[in-house]
Amino acid sequence: MNYNVDKNFVLDTAKKILSFDSPTGFCFEIMELIEEYSRNFGYKFERTNKGCGIITIEGQEEGKVIGLSAHVDTLGAMVRSITSNGTLKFTLLGGPISATLDSEYCKIRTRDGKIYTGTILSTSPAVHVYSDANDKPRKPENMEVRIDEIVKNKADVEALGIAPGDFIFIDTKTVITESGFIKSRFIDDKGSVSALIGLMEVLKRENIKPRFTTKIFISTYEEVGHGASIIDPSISEF
């Protein structure tokens, strides 16, 4: 049997989810969005102790449960320290390729929810000024975040409310081309999340009840290797 997948819905969902900042360790807000999708379709949504989501789609028959999974957490960075001249040193979350971050735009989120924009740069950012600009390894120790604010020293940055431990969101540069291609950071694994939401949309719209109960597990810590390692013991049937 063929089902009519709403391609535009899936692409719109992908663009929305891909544009949503959720580095590993900071998935609270995006999980609220996933919960909203699932509840709008009428499916049960539960959270594990780690903040992962379990969506339950009841089946026609008992005795078997089908599991599907994807993750919403992405690679990212975190403020490690503030330099004396007002830039930010950072540590990586997950395994981003540092060289690809050179000259990328980013956002810094403070503890009280303020958002500042900035740019990730090499500490030798210009060939005509620094003789090692081409050859300096693009590693975190040789890179920093330049904030889009008038700051001249560490105290100026601290006055903004920025502190070590604040999350740094890497610009996803999400684009959906006219030919339907998705260009973005973090398609792994938000592309799969969008596809699963598209599946729920089809089941709801065409009033389809799967043969067996299906549970969709949305992980929030896959990028650091323990997203699905613990399941809430209260969800005994999973």
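If r is the Cβ-Cβ distance from A133 to K154 and R0 is 25 Å, what FRET efficiency results, to the nearest 0.05? Efficiency, from the Cβ-Cβ distance: 0.50.
Of the peptides 64-71, 114-121, the ranking by mean beta-carbon count within 10 Å, highest at the top, reads 114-121, 64-71.
Summary of packing: across the peptides 73-79, 93-99, 202-208, 2-8, the per-residue average of other C-beta atoms within 10 Å ranks them, highest first, as 73-79, 93-99, 202-208, 2-8.
Based on every Cα atom in the range 160-230, Rg and the maximum pairwise Cα distance Dmax equal 17.2, 55 Å. The largest accessible area among F167, F28, F217 belongs to the first residue in F28, F167, F217, and the rest follow in falling order (1.4 Å probe, all chains). For the range 100-229, the equivalent ellipsoid built from the Cα gyration tensor has semi-axes of 40, 19, 15 Å, listed from largest to smallest. The convex hull built on the alpha-carbon positions of the range 73-136 has an orientation-averaged projected area of 5.4 nm².
With R₀ fixed at 41 Å, the C-beta to C-beta distance from K50 to N4 puts the FRET efficiency at about 0.70. Considering only protein heavy atoms and a 1.4 Å probe, what is the carbon-and-sulfur percentage of the accessible area of the range 56-197? Carbon plus sulfur share of accessible area: 50 percent. Given the choices (1) 25, 24, 18; (2) 40, 19, 15; (3) 27, 23, 16, semi-axes √(5λ) of the Cα gyration tensor in Å derived from the coordinates of this structure is entry (2). Solvent-accessible area per residue in the range 1-143 equals 53 Å², computed with a 1.4 angstrom probe and all protein chains kept.
The values are calculated or read from the model by the stated rules, or taken from the named source; none is laboratory data. Quick caveat, the model's predicted, so the values are computed rather than measured. Cβ sites come from the backbone with ideal geometry, for glycine too, and all protein chains shown count toward neighbours. The protein model used for the area step is the full one, side chains on, heavy atoms only, and it has no ligands, DNA or RNA in it. Shrake-Rupley method; radii C 1.70, N 1.55, O 1.52, S 1.80 Å.
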